[in-house]
Structures are given as structure tokens and as C-alpha cells.
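The values are calculated or read from the model by the stated rules, or taken from the named source; none is laboratory data. Note that the coordinates shown come from a computational prediction; the quantities given were computed from them, not determined experimentally. All Cβ positions, even for glycine, are placed from backbone atoms using ideal geometry, and neighbour counts span all protein chains on display. When the accessible area is computed, the model is the full protein with side chains, heavy atoms only, and any ligands, DNA or RNA have been set aside. Shrake-Rupley method; radii C 1.70, N 1.55, O 1.52, S 1.80 Å.
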Amino acid sequence: MAHDRYFDSAGVPIRYVEHGSGEPVVLVHSYTGSFEQDFVGSGLVDALAAHYRVIGFDLRGHGRSGKPHDPARYGREMALDIVRLLDHLGLRRAHIVGYSLGAHIVVQLLTLHPERFLTAVLGGACGRRDWCADDDRRVETEAAEIECGVMRPQLARLGSAAPTASDAEIRELSAKYLAGNDPRALAAIRRSNRDQMVASTQLTALLVPTLGIVGSDDPYVASFRALQHVMPQLRVELIEGAAHDEAASRPEFVRAVSDSLRANTGSP
């Protein structure tokens with residue numbers, strides 16, 4: 001069993017664990033999620049740890065990591081936490097896999113520090129591009145509702161709740177996602193989303209081999225297709241019948257990540 005470890009990342013304690021040995025692979029979880037919730041139950045950690053050094057951690061604002069309430073402590077700082085973690089571990093380069101919020105963070109990392117990454121996998125999301133005033137209004141609405149314990153706008157946006165869902169159903173589903181989390185920290189993260197924005201011109205020149213994995217029923221499919229016009233090296237695999245909240249737990253996701261790493265390393 002992996003033991004919790006911590007390091008200080010610009011004043012915020014970040015909890016991390018390690019499994020296996022070999023070339024390093026960093027796993028970056030989703031909004032409201034955790035390393036264990038997103039990647040252990042699906043079998044991804046066990047599959048990768050047989051051949052790689054798997055490094056998992058709780059994003060700031062999540063799990064057992066620090067949870068500041070100031071939006072200025074999030075944004076690109078969430079990406080820089082990963083660079084600081086690599087530095088803390090004495091690692092020059094690593095493979096990286098992100099899901100949902102984790103994938104947004106990975107895209108920004110590829111623009112800030114592409115030299116630190118051997119390969120990248122974007123699961124269920126593919127970067128905050130083309131940000132506008134409507135996005136600012138959206139994240140403020142979502143943040144304000146999260147502070148009240150409700151996630152209706154986000155659940156609707158990602159197809160996690162039916163448009164006809166009752167208030168009681170929304171509150172029950174919101175409570176499931178918010179369990180064990182700090183709503184004020186999550187709201188601060190949402191308000192920092194603009195600081196995670198990337199420009200298409202930054203992505204065009206990227207040389208890091210990158211795979212996108214998205215459920216066929218995920219609203220982000222269109223974003224992945226659009227990104228392929230910007231990043232010619234981006235390959236996209238669809239998981240048939242999977243919604244946004246389901247793809248990371250499917251065996252097809254585990255297989256696609258494993259195959260991508262195998263194709264770019266000497267591991268079996």
C-alpha cells in the first residue's frame with residue numbers, strides 16, 4: 001500500500017503517492033475528484049504500476065492537499081504544482097495523463113513547460129481555449145451555486161444531469177460530487193478558470209506526442225475535433241456510449257492509456 005507523502009508547493013501542502021517503478025507517469029484527476037477516485041478503482045494504477053513509476057496526487061483544493069479560498073491561489077498555480085512535484089522528486093521529464101479538469105491543466109502545462117513531458121493524454125477535456133465574457137459569467141454562476149451546495153449549471157453543461165431533473169435530484173447528485181470537498185475552495189478554483197486559458201497559437205507548435213480520449217456521449221467531443229485542426233499530432237480515441245463522468249472508469253480508457261505509453265516507451 002502506498003504511503004501518503006507531502007511537499008510544500010508555493011505555500012500549499014500537496015499530498016502525493018507513488019506506485020511501481022520505471023519511467024514516471026503523473027496522473028492528474030478531475031474537478032471534485034481525487035487520485036484514488038479517478039484512477040485506482042478503474043484499474044489504471046495497477047495496470048500502469050506493473051511497468052511504470054506512477055505518481056498520483058491530490059490537486060490543490062481537493063482531497064488531502066491544501067484548500068485555500070483565494071482564486072489567486074489556483075489558476076496556473078495548479079499546473080505549476082506539477083512542475084514543482086517533478087522538481088521535488090528530482091525528475092527531469094515524465095509522461096502525464098489528465099482527466100477533465102486534469103486534462104485542462106495538462107494542456108496549459110504543455111504550453112508552459114513542454115520540455116518536462118515525454119507524452120500526454122487528455123481525457124474528457126482538452127484545454128480552455130477561446131475564452132470570452134460569456135465564460136466569465138458562466139464560471140461565476142457555477143461558483144456561486146457551488147458555494148450554496150448546488151452544481152446544477154455544471155451538471156447540465158456536462159450532461160451529468162437530465163435537463164428535466166428536479167431540484168431534489170440535483171441536490172442529491174450535487175451532494176455526491178461535493179462529499180468530502182470544501183465548496184469554498186471549489187468555487188475559488190472555478191473563479192480562477194480564466195487563468196488557465198491557452199491560445200491556439202501556443203498549441204500549434206507543440207511536439208509532445210498527445211492522445212485524446214473522450215466518451216462518444218461527452219459534450220467535449222466537438223472540442224477535441226476542433227483541437228485536431230490546431231494540433232496535427234493529436235490523436236483522438238472515442239469510447240463508445242460513454243458520458244463525461246463515465247469514460248475514465250471504462251476498461252477502454254485503461255487500454256488506450258496503456259497502449260499510448262507502450263508505443264512511446266520500451267515497456268511491454
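Just need a number here: residues in the range 235-262 that are without any contact (Cβ under 8 Å) to a residue 40 or more places away in the chain and of a type outside the set (Lys, Arg).
10
Quick grid of which residues meet (1) touching a residue at least 24 places away in the same chain (Cβ under 8 Å); (2) outside any loop (DSSP other than H, G, I, E, B); (3) in contact with a Gly (Cβ under 6 Å, 6 or more places away or on another chain); (4) not hydrophobic (A, V, I, L, M, F, W, C):
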position: Val97; (1), (2), (3), (4): yes, yes, no, no
position: Gln108; (1), (2), (3), (4): yes, yes, no, yes
position: Thr111; (1), (2), (3), (4): yes, yes, no, yes
position: Leu118; (1), (2), (3), (4): yes, yes, no, no
position: Val121; (1), (2), (3), (4): yes, yes, no, no
position: Asp130; (1), (2), (3), (4): yes, no, no, yes
position: Arg138; (1), (2), (3), (4): no, yes, no, yes
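Here's a check for you: in the range 142-179, which residue that is free of Cβ contacts under 8 Å to residues at least 12 places away in the same chain and closer than 21 Å to His29 by Cα is most open to solvent (accessible area, probe 1.4 Å)?
Lys176
When you go through (1) in contact with a Phe, Trp or Tyr (Cβ under 8 Å, 6 or more places away or on another chain); (2) surrounded by 24 or more Cβ atoms within 10 Å (Cβ to Cβ); (3) under 19 Å from His19 (Cα atoms) one by one for Gly123, which number turns out not to apply?
All conditions pass for Gly123, except number (3).
What's the total number of residues in the range 211-226 that are closer than 28 Å to Arg73 by Cβ and either in a helix (DSSP H, G or I) or open to solvent by less than 10 Å² (accessible area, probe 1.4 Å) (or both)?
1
Among the residues of the range 148-188, which ones are within 20 Å of Gly61 (Cβ to Cβ) and not in a helix (DSSP H, G or I)?
Cys148, Gly149, Val150, Met151, Leu158, Ser160, Ala179, Gly180, Asn181, Asp182 - these are the residues of the range 148-188 that are within 20 Å of Gly61 (Cβ to Cβ) and not in a helix (DSSP H, G or I).
Hey, does the range 7-17 have a residue that's out of contact with any Asp or Glu (no Cβ under 8 Å at 6 or more places or on another chain), more than 22 Å from Asn193 (Cα to Cα) and open to solvent by 10 Å² or more (accessible area, probe 1.4 Å)? Break it down into steps so the answer makes sense when it comes.
To start, the set of residues in the range 7-17 that are out of contact with any Asp or Glu (no Cβ under 8 Å at 6 or more places or on another chain) comprises 7-8, 11, 13.
Going one step further and asking which of them are more than 22 Å from Asn193 (Cα to Cα), we end up with 7-8.
Keeping just the survivors that are open to solvent by 10 Å² or more (accessible area, probe 1.4 Å) gives 7-8.
Yes.
I'd like the full set of residues that are among the hydrophobic types (A, V, I, L, M, F, W, C) and in contact with a Leu (Cβ under 8 Å, 6 or more places away or on another chain), limited to the range 4-41.
To start, the set of residues in the range 4-41 that are among the hydrophobic types (A, V, I, L, M, F, W, C) comprises 7, 10, 12, 14, 17, 25-28, 35, 39-40.
Result: Phe7, Ala10, Ile14, Val25, Val26, Leu27, Val28, Phe35, Phe39.
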